[in-house]
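Contents: one structure, followed by commentary.
The values are calculated or read from the model by the stated rules, or taken from the named source; none is laboratory data. Bear in mind that the values here come from a model prediction, so they are computed numbers and not experimental data. Here the Cβ positions follow ideal geometry from the backbone for every residue, glycine too, while neighbour counts run over all protein chains shown. The accessibility values were calculated without ligands, DNA or RNA, using every heavy atom of the protein model including side chains. Shrake-Rupley method; radii C 1.70, N 1.55, O 1.52, S 1.80 Å.
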Amino acid sequence: MGKQKHGPNWYDNFIEKYKIDPLNIQLKENEKIAMIGDIHEQDRLYKTLKQKLTSESPDIKIVSVGDLYDKGEGQIYAEIVLRDLLLNTIGLIKGNHEIKKIKYYRKTNSPLEKDLSDIPNALSFVWPNGFRLTCVHAGVIPRHTWEDLKYNSEICYVRTVNDKGEMIPLIWVEKNGVKVLEPKEPNGKSWHEVYDGRFGYIVSGHEQQDDAVPKFYKYSANIDTAAYETGILTAAIIGQNGFEKIVQTGK
């Protein structure tokens, strides 16, 4: 998965439009970020969780880790959530399912193609005390740089890495007559295990937790609680001193 730009100079255009660098968003000390895991067309769960989060604090900024589309109630429900998040200007990043939809909308000449293309690959927030929170959909590998967080769509797909620190792609294999996706190399490590903290504390989704329990690591967390299967959508609230609490809605 190489570096890909969705439209010419989209990163520079984003900065010009919002007058802010998405990888250097300066926060006030009382502001908090609520990171929402993969929504996958569960608009009712999203609306309920959003209400819970805004009741927590008026200073909360809601951010989606991506994957609004597929696996759920239908494309129209992803678009409802997308429009709501776009009102927050920088309230979401691309997931791998958004990248897939960009190609679909381009073929159908939908104006949503530009909306999705202009969404950043990553967001990074900095508090006055120097604590940094970075949001990517999937993960990072040892060779990734800040430039990769700008342009490299690989961060929307990373799950595991091999001994060379390279991303292990998923491939289709047949098991008992059914095609399933599995890592091309079976003995890789989770990227969370090898991440050294150089981009700050990372919150991601992408790798669903079928037990609906978020997973925490030394410098990162995964908050994808498979809402389309478990009925539970998760948010992590982060403040200037780091992780504060988990908020969930659903069954």
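Brief remarks follow.
- Scanning the range 130-141 for residues that are assigned to a loop (DSSP other than H, G, I, E, B), in contact with a helix residue (DSSP H, G or I) (Cβ under 9 Å, 6 or more places away or on another chain) and closer than 22 Å to GLY242 by Cα turns up HIS137, ALA138, GLY139, VAL140.
- Check on TYR217, on the phi < 0 side of the Ramachandran plot, open to solvent by 60 Å² or more (accessible area, probe 1.4 Å) and among the hydroxyl-bearing types (Ser, Thr, Tyr): yes
- Leading residue by the ranking (nearest to LEU23 (Cα to Cα)) among those in the range 142-159 that are of a type in the set (Ser, Thr, Tyr) and touching a helix residue (DSSP H, G or I) at 6+ places or on another chain (Cβ under 8 Å): TYR151
- Residue count, the range 115-127 (criterion: farther than 21 Å from THR145 by Cβ and either open to solvent by less than 20 Å² (accessible area, probe 1.4 Å) or of a type in the set (S, T, N, Q) (or both)): 3
- So ILE80, is it at pLDDT 90 or above, of a type in the set (Val, Ile, Thr), touching an Asp or Glu at 6+ places or on another chain (Cβ under 8 Å) and closer than 24 Å to SER110 by Cβ: yes
- Top-ranked residue in the range 128-155 [being among the small types (Gly, Ala, Ser) and buried (at least 16 other Cβ atoms within 10 Å of the Cβ); ranked as nearest to GLY200 (Cα to Cα)]: GLY139
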